[in-house]
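Readers should treat all values here as calculations from the given coordinates under stated rules, not as data from a laboratory. If you're wondering where the values come from, they're calculated on a predicted model, not measured in any experiment. Positions of Cβ are backbone-derived with ideal geometry, glycine not excepted, and every protein chain shown enters the neighbour counts.
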Amino acid sequence: MRQWQSTPRYNARRIAFHRSETENAKVILGSATPSIETLYAAERGVIELHTLSERYGEGKLPLIEIVKLKNSSEEITPRLKLFTNRAVKEGNQAVYLLNRRGFAPFVLCGDCGTAAECPDCSIGMNYHRGKGMLCHYCGYSADVPVKCSKCGSESILKLGSGTQKIEETITKEFPDYRVFRLDQDSARKKDAVFDLLEQMHKREIDILLGTQMISKGFDFHGVTVAGIIMADIGLNMPDFRATEKIFSLLMQLSGRSGRGGSEGRVIIQTLNEEHIIFDYLKRQDYSGFYREELKIRKMINYPPFTRLARIVIRGKDEDTVCESADTLAEILKKTGSEKFPKIMILGPSPAPLTKIGGNYRYHIILKSSKLKDLTALIKTALDSFKSKAVYVEIDIDPVDML
């Protein structure tokens, strides 16, 4: 569990270790895909590592196939359709993952290409069936425009696929199958998750479609096919943990298949089958992926080889935010050069998500091998930085860089 979107920001793992020290208790971390930092700590003897070499109940790991999509509009490949049909006809079930809710992630003009953007955030609006356009960050909603605001064209397109659209595709491809969708929208319905658990265990659902909500924790013995509709989503985000997060998500989803004794099959659909993570996924080689990722992290000096702090400066006026970020960065660099010369200070620069909820955001990244030096520098700098025009967020060991 991590809380990073609002104050106070914390990482439950670190809190658990802190409590274990104060209360003389043991902490057990369990995961098929431990974080890079956790596994590195185990290798260095900071924590003990215990591994399970076999699947529980003598079950076999599922077979994983990497299937190249013809184009971004292809949704269910012949291979996924083949194994889904085979599973259901044998009385088993399939789970499909698409980590993108709504109907279409892009609404834009077919003539000039202008996208519908949230007025309060620097991101595009998502089309939701029956609700119009929604911003997934601040919740702003609006009707789909009749005309383009820029050129006046009436050619308004809804592009891409979300879980709502894939649900429609599934019902067309498999008209006789029972389909259940679980995402943030459907989960708001009363007893949605309870109904899912009951129906899946009774095998009253043939295909379960969902976002990352379905990737962990569920133990459905009837599932023999897991399909990842679009494995590329999130893979190229401007976050040094992006590859790790996607690898973990896909490995966890793969683990839903073949848990009841029958052979499992995983179909990972991607536009970029040459990406290195798919080789490791196909072999279910987490150790190999870890080694590769560790080399990259060491080369660019990111965790677990250093500690990070992220300072986000946000406010309603972009010029004020930019000026405040420059001022704070100057204080940090001046104080750092005098007292903590080994701390690397990057920025300020606009955050990847430059505007959220009407607030412009700039960030400063600090790197140091010593956490005490990081916190001491930040505290000293903030004592000198006085501004009521902006809000400053401090995130130590950030889990998100957006």
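Things worth noting here:
- Comparing the range 223-327 with the 2.2 N^0.38 Å rule of thumb, its C-alpha radius of gyration ratio is 1.46 (two decimals).
- Fewest-first ranking of TYR280, TYR137, using other Cβ atoms within 10 Å as the exposure measure: TYR137, TYR280
- Cα-Cα separations in the chain greater than 37 Å, expressed as whole percent: 32 percent
- P(r), alpha carbons of the range 272-347 - 10 Å bins starting at zero, rounded %: 15, 28, 23, 20, 14, 0
- Sequence-distant residues sharing a close amide H with ARG101 (under 5 Å, placed H): THR163
- Cα-projected label distance for GLU263 with ARG188, points at 7 Å along beta-carbon direction, nm: 4.4 nm
- Entry note, the chain: relative contact order of 19 percent, from Cα contacts under 8 Å with a spacing of 6+ residues.
- Placing a pseudo-label 7 Å from each Cα along the Cα-to-Cβ vector at SER287 and LYS60 gives an inter-label distance of 2.2 nm.
- Bins of 10 Å from zero: percent of alpha-carbon pairs in the range 165-237: 16, 51, 28, 4
- Ranked list, fewest to most other Cβ atoms within 10 Å of each Cβ, for VAL88, VAL390: VAL88, VAL390
- Amide H contacts of LEU182 (H built 1.01 Å from N, in plane; Pro and chain starts excluded): LEU209, GLY210, THR211 sit under 5 Å, all sequence-distant by 5 or more or on other chains.
- Exposure proxy ranking, count of Cβ atoms within 10 Å, fewest first, for MET200, MET125: MET200, MET125
- For the range 306-402, the Cα gyration tensor yields ellipsoid semi-axes of 22, 15, 10 Å (square root of five times each eigenvalue, largest first, whole Å).
- Under 5 Å, built H, 5+ apart or other chain: amide partners of ALA226: VAL95, ARG265, VAL266, ILE267
- Among the listed pairs LYS333/LYS379; LYS81/LYS158; LYS339/LYS388; LYS89/LYS216, those beyond 18 Å (Cα-Cα): LYS81/LYS158; LYS339/LYS388; LYS89/LYS216
- FRET efficiency, 1/(1 + (r/R0)^6) with R0 41 Å, evaluated for GLU318 and ALA12 via beta carbons: 0.75
- Between LYS68 and CYS112, the modelled labels are 3.8 nm apart [label points 7 Å from Cα along Cα→Cβ].
- Panel values: the range 58-177, Kirkwood radius from alpha carbon pairs, Stokes-Einstein at 25 °C and 0.890 mPa s, translational diffusion coefficient 147 µm²/s.
- For a label point 7 Å along the Cα-to-beta-carbon line of SER141, residues of the range 157-176 with backbone N under 17 Å: 164
- Over 19 Å between alpha carbons, listed pairs LYS245/LYS282; LYS334/LYS355; LYS190/LYS245; LYS295/LYS342; LYS298/LYS367: LYS334/LYS355; LYS190/LYS245; LYS295/LYS342
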